[in-house]
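Input: a single structure, listed below in structure tokens.
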């Protein structure tokens, strides 16, 4: 009876992956030579002409930027709400709204906020006599602007995970620390943060996988620009395949993304086994 | 538990087997024919036209169905934003509609990939297709390797749009009090500076897609100056940096941005924002195609051609030069794997009569025929006069190549770096030539 789940896994996971690898090794660009074996030509072309290293760098900047800020803001929100009683559940529910909104809806909302002519952000800055800016149109600020949007959208997930982790810290530990004369900030630093480590690590790995592959914002808000400033891997795969009809290059990018994610997933499973066994 | 799992597994397996069987049966385009050969044939026709303009196509289809009762046509309207993706995905799966609109940049690639049926015989059959009535350049777009793969549906061009109230506000009027429209680049720049002093934007250009620089922003000015992006000979090499007209056109836009006469957000300026600024008297001049008129009517129903805005020839580099513009347009193709190729070609031939194409072109494009604009309703509407002026000298900004999307995207990237970010025009165009010649056209 393991044959049926295996067959489904084969059809839905192994076959698409194998086809992607096959396509990355053959010519597939709506040409007369489609189907011809090309070896690693797509990979070498990506390195030589496709700006692969730039795209990887942008993707890592995007991912790390989002994770650092999301975890920090999520942690602060979790700690603050942990100290509140009745109001906490209402506030927590309201703070979850950005996380449950579809990415396309978030992109549309923030595109109007960032609009350089009539957007809310420039209106507020103007009313405070601060300089306005074309946030999404300047290569120097476009990626940071997208990171800000994703932080707004994603920090509630961190808040939820870390809040659950906070609840698992025994009250006696807090009381013991207080008895030893540790103030609030010292308790956060020496008690809460170390005891949240397992949750933090696992959440980081999960969020890394999701953020690395996130497509919506770059597609809707900036179309990968300006001048490639927000071309992350997921967008590059889409553009190569469906805009430039370079299915071979799109598949090569997909395979490279899969390899990167495999490493991240392997680290996740190893960490979850180690931390799950070591957590008290 | 084991019994329930086994039963559930069997159900899943049956569902999977059933869906696999259905998938096997559904391959290929629409159409069904009984063994007697006389039953109704069903074709699928796909278009990118919005709901507002699809009515004319449905009328043509209804007329064809009346004259051919054994052929039924289902209409599938795909949104423009993912029209090409939808079609390519279907074609790669061996499916797709029987007859469909083809955006001209895709003709080469889709023909090379074997998606388009060879229509050479149809195109050369004078009893079915009146070849001599069509603009030769548009027929050429549908030709790949000497074979005709698509037939022209429409064409277009961009002209100069000006806000009448703003021209009068800054005193740019002739002796009759009508707006004194710039005819040269230098006049346009001087006028833009006046509008800036009056507190409005002098000029705006589209930059919201990979094709915007080539077709909407740089392209029209480049055409008036005889510029090229790719060489028009068989080698089709990128020569933008060596083409004086192209360098001059990019420099013109760069100078306008440096002069501060353009609105913010020019890195992603779309048609709707431009039209809103234009209709609210915040923008004095822009380039645009005939589709701007219905768009403006929707945004501002009281903002009228003739009283509130006008159109004119695209300004030229030097006085005395011929005006010109970029043009494009859609083509009609037949699926190479259509289950009913004879019926599909019969409909294509009917669709491609000059009379039907004339009816289709009213809402935002032009008929692809030589005398199309000299007939009603175009001939009696002064709105089309500048379009008639520019069309004879208009053409594609990029000659048809299979990698048109990549070439256009590369031009967008480098041109915008020069125009919006102030980088050296010659350096950016040289980088464009180098990238396209080594990594796009060379692959």
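Every number here is computed from the coordinates shown, using simple stated rules; none is lab data. Remember, it's a predicted structure, so these values are computed and weren't measured experimentally. Neighbour counts are summed over all protein chains in view; Cβ atoms, including those assigned to glycine, are modelled from backbone coordinates with ideal geometry.
Annotations for the structure displayed:
- Percentage, to the nearest whole number, of Cα pairs in chain A over 28 Å apart: 51
- Ellipticity at 222 nm from helices only: DSSP H runs of n ≥ 4 in the protein assembly as shown, each -39500 (n - 2.57), divided by the residue count, give -15000 deg cm²/dmol.
- Anisotropy class of the range A:50-114 from Cα gyration tensor, a/c 1.5 cut: oblate
- Fewest-first ranking of B:278, A:269, A:215, A:208, using other Cβ atoms within 10 Å as the exposure measure: A:269, A:215, A:208, B:278
- Nearest-ten-degree value, helix B:425-435 long axis tilted from longest Cα axis of chain B: 20
- Placing a label point 7 Å from the Cα of residue A:128 along the Cα-to-Cβ direction, none of the residues of the range A:27-66 has a backbone N under 17 Å of that point.
- Residue exposure proxy: A:26, A:174, ordered by other Cβ atoms within 10 angstrom of their Cβ from fewest to most, comes out as A:174, A:26.
- Of the Cα atoms belonging to chain B, the radius of gyration and Dmax stand at 24.6, 95 Å.
- Projected label distance in nm at residue A:269 and residue B:255, using a 7 Å step from Cα toward the beta-carbon: 6.4
- Overall form of the protein assembly as shown per C-alpha gyration tensor (a/c, 1.5; a/b vs b/c): oblate
- Angle of helix B:2-25 to the longest C-alpha principal axis of chain B, folded into 0 to 90 degrees and rounded to 10: 70°.
- Within the range A:159-193, backbone nitrogen closer than 19 Å to the virtual label 7 Å beyond the Cα of residue A:99 toward Cβ: A:159-169, A:193
- Here the residues B:381, B:233, B:98, ranked from fewest to most Cβ neighbours within 10 Å of their Cβ, fall in the order B:233, B:381, B:98.
- Angle in degrees between helix A:15-24 and the longest Cα principal axis of chain A, rounded to the nearest 10: 60
- Note on the protein assembly as shown: antiparallel DSSP beta bridges, both residues inside, total approximately 60 percent of the bridges counted.
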